[in-house]
Amino acid sequence: MRWLGNLSPNPTTFFGRAADLERLGGLLDEGRRVLTLVGPAGAGKTRLARRFAEQDESRERFTGGVWFCDLTDARDLVGVLAAMGRALDVPLAQAPTIERAVEKLAHAVAARGPTLLLVDNCEQVIEPAARIVTSVAELAPDARVIATSRESLRVAGEHVHQVMPLGPEATHLFIERAKAIWPSFAPVAGDHEALEEIVQRLDGLPLAIELAAARVGALSLGTIRERLRERFSLLAGGLRFASERQRTMRGAIDWSWELLSRDEQRALAECAIFRGGFSLEAAEAILDDGRSALDLLQSLTEKSLIAVGEVPELGARRYRLFESIRDYAMEKLEELGGALAVRDRHRRHFTGAGLAWATQASRGKGTEPRARLTMELENLLAAHAHALASATTSASAANDAFDLLGSIGELLKRRGPLELLLSLLDSTLDSTHDSALGAANEDARRVRADPTRVARALRDRAYSRQFSPGASAAKVADLTRALAIARTSGDVQLELECLSIFSSVELLAGNP
């Protein structure tokens with residue numbers, strides 16, 4: 001049977017998305033007239049829409065044809081009308097006004113009966129596309145529209161379907177695309193860990209996975225994994241005649257970046273400072289003054305540049321950037337300037353928040369404070385690293401490094417790994433005070449941070465090492481110095497804690 005429409009067959013295999021395809025069919029069965037597929041750059045929105053339209057049941061349902069309208073080159077209403085007129089073979093040049101041209105297009109669609117329009121790449125002409133889709137929905141009752149965009153059309157009757165990154169099928173996609181480039185490609189036992197890490201760090205985005213898989217002819221999986229540190233040079237070299245935004249991951253994200261306002265660009269760049277996600281409160285503390293963090297986050301979320309998810313145990317929402325977008329945004333932050341100020345705001349916010357959570361957790365104030373510490377561990381570690389980098393020139397940064405260390409220690413002493421905590425203690429103490437052993441009063445004069453903070457770190461290092469064999473002299477030295485500072489400062493609680501650990505160290509060393 002000959003199908004009506006202009007949709008050409010796709011030359012590559014389609015992977016996964018069974019639940020998405022079923023959902024789209026169900027929405028149309030419910031009578032939805034306009035479906036908009038939204039998602040980040042490279043998520044596979046166009047492929048999903050085309051795959052749905054290629055199914056036999058779609059072809060049989062839409063007897064007026066399946067018509068694919070690509071708006072990539074359109075920049076205004078005239079351009080959108082021209083692109084859709086060409087795709088649908090509807091002459092619009094003789095229409096006396098733009099309004100009549102819109103109506104003529106909608107009436108031509110209505111005359112075809114049950115019709116499916118795939119309107120692709122609407123984001124750069126969102127208002128003109130929305131206007132024409134609204135007209136089709138009003139004047140062509142038997143027509144259905146599936147639009148793809150990085151943000152919704154916001155028209156009456158629209159249902160937005162979020163196209164999420166691939167799940168387990170992401171690995172199968174990589175292997176299939178790799179074999180198309182290198183037919184003998186077959187991961188061996190030692191490759192599976194590298195392959196899983198690659199697709200995970202590519203956030204399950206089909207475009208990124210396909211671009212990485214195209215490198216297997218020249219690079220091993222281990223080398224591809226290593227080169228993700230420079231992902232934009234790696235994720236390039238797509239199909240020769242594809243557009244720039246389909247040939248490189250940078251080009252795909254460039255497309256979204258150029259559609260943002262200056263405030264949105266600055267906000268996205270500043271959000272790159274976060275690690276492992278962030279809360280609205282953190283964004284309000286870090287984003288530049290004078291702008292509504294909530295409005296900017298909502299706009300960037302609607303444009304599929306920031307993902308948002310629920311945190312049921314905290315009754316809150318949490319935001320995150322896909323790794324490719326975060327790397328891109330960090331580059332832009334350096335270009336726009338002010339990266340150091342953003343890092344300082346990030347450090348100060350998580351120093352204060354971490355101290356509050358750690359204090360509440362140590363006092364047994366419910367499970368929430370410890371859950372917050374666990375959730376924000378990556379941000380706390382990033383803030384600590386920045387504090388250490390600034391500690392040689394800033395006393396406040398040195399103090400923040402110790403305060404952050406205390407917050408992190410409150411978590412790691414309970415759940416581990418202690419090796420990480422010891423490494424952080426060593427790096428902090430080495431970076432912020434003279435490591436040479438000496439009299440306590442000399443030690444207190446040498447530190448660039450507050451001596452009491454240093455003493456607590458020395459106490460924590462001895463505590464973390466007390467059950468480890470060996471290095472008894474180092475434990476005793478740490479506790480001796482911490483005790484001297486505690487006594488000099490009059491901190492009785494700290495003195496008692498040091499003495500308690502001292503007794504444990506001596507008992508374990510066989511010196512009761």
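Across the range 463-506, which residue is surrounded by the fewest Cβ atoms within 10 Å (Cβ to Cβ) among those that are modelled with pLDDT of 80 or more and not in a helix (DSSP H, G or I)? Among those residues, the one meeting the criterion is 490. Taken over the range 97-124, the criterion of being surrounded by 23 or more Cβ atoms within 10 Å (Cβ to Cβ) and under 18 Å from residue 46 (Cβ atoms) is satisfied by 116, 117, 118, 119, 121, 122.
Annotation note: of 405, 420, 412, the sole residue that is closer than 20 Å to residue 274 by Cα and either assigned by TED's automatic domain parsing to the domain that holds residue 359 or modelled with pLDDT of 90 or more (or both) is 405.
When the range 32-82 is limited to residues that are closer than 25 Å to residue 18 by Cβ and without any contact (Cβ under 8 Å) to a residue 24 or more places away in the chain, the one that is surrounded by the fewest Cβ atoms within 10 Å (Cβ to Cβ) turns out to be 56.
Tallying residues that are surrounded by fewer than 15 Cβ atoms within 10 Å (Cβ to Cβ) and of a type in the set (Gly, Ala, Ser) within the range 1-24 yields 3. When the criteria are applied in full, residue 175 meets the requirement of being hydrophobic (A, V, I, L, M, F, W, C), at pLDDT below 95 and surrounded by fewer than 21 Cβ atoms within 10 Å (Cβ to Cβ).
Here is the figure for the range 356-412: residues that are free of Cβ contacts under 8 Å to residues at least 24 places away in the same chain and in contact with a Phe, Trp or Tyr (Cβ under 9 Å, 6 or more places away or on another chain) total 1.
Scoring residue 324 on the criteria (1) over 17 Å from the mean Cα position of the chain (by Cα); (2) in contact (Cβ under 8 Å) with a residue 24 or more places away in the chain; (3) within 28 Å of residue 228 (Cα to Cα) leaves a single failure, condition (1). Looking across the range 382-402, the residues that are modelled with pLDDT under 90 and of a type in the set (S, T, N, Q) come down to 390, 392, 393, 394, 396. Count of the range 54-81 residues, restricted to those that are closer than 16 Å to residue 122 by Cβ and in a helix (DSSP H, G or I), is 5.
Taking the conditions (1) under 28 Å from the mean Cα position of the chain (by Cα); (2) without any contact (Cβ under 8 Å) to a residue 60 or more places away in the chain in turn, residue 13 satisfies each one other than (2).
Read through the list (1) within 26 Å of residue 49 (Cα to Cα); (2) surrounded by 16 or more Cβ atoms within 10 Å (Cβ to Cβ); (3) among the charged types (D, E, K, R), then give the number of the only condition that residue 215 fails. Going through the list (1) within 26 Å of residue 49 (Cα to Cα); (2) surrounded by 16 or more Cβ atoms within 10 Å (Cβ to Cβ); (3) among the charged types (D, E, K, R), residue 215 breaks only (1).
The values are calculated or read from the model by the stated rules, or taken from the named source; none is laboratory data. Since the structure is predicted, the reported quantities are computational estimates derived from the model, not experimental observations. Don't worry about glycine lacking a Cβ; one is built from the backbone with ideal geometry, like all the others, and counts go over all protein chains shown.
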